[in-house]
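See below for the structure under consideration.
Rule-based calculations on the coordinates, nothing more; no lab input. Worth saying up front: this structure is predicted, and the values here are computed from it rather than measured. Virtual Cβ from ideal backbone geometry, glycine too; neighbours counted across all protein chains shown.
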């Protein structure tokens, strides 16, 4: 359950950050709906970085 909550936090926070940054990104890095493009990769990278940061912050908790 904790892993699910960590992933949910990472996806929600990562998407919020991406959509706040999207108007400032180049046209190539903007995601278009229902398409696989570089924007999707940028969004995934932000979410993955947040997930790793959350896991690193909780590394001592059991």
Looking at region 43-62, which of its residues are more than 16 Å from residue 5 (Cβ to Cβ), out of contact with any helix residue (DSSP H, G or I) (no Cβ under 7 Å at 6 or more places or on another chain) and not in a loop (DSSP other than H, G, I, E, B)? 44, 45, 48, 49
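Do we find that residue 32 is loosely packed, with under 14 Cβ neighbours inside 10 Å and touching a helix residue (DSSP H, G or I) at 6+ places or on another chain (Cβ under 9 Å) in this structure?
For residue 32, the condition - loosely packed, with under 14 Cβ neighbours inside 10 Å and touching a helix residue (DSSP H, G or I) at 6+ places or on another chain (Cβ under 9 Å) - is met.
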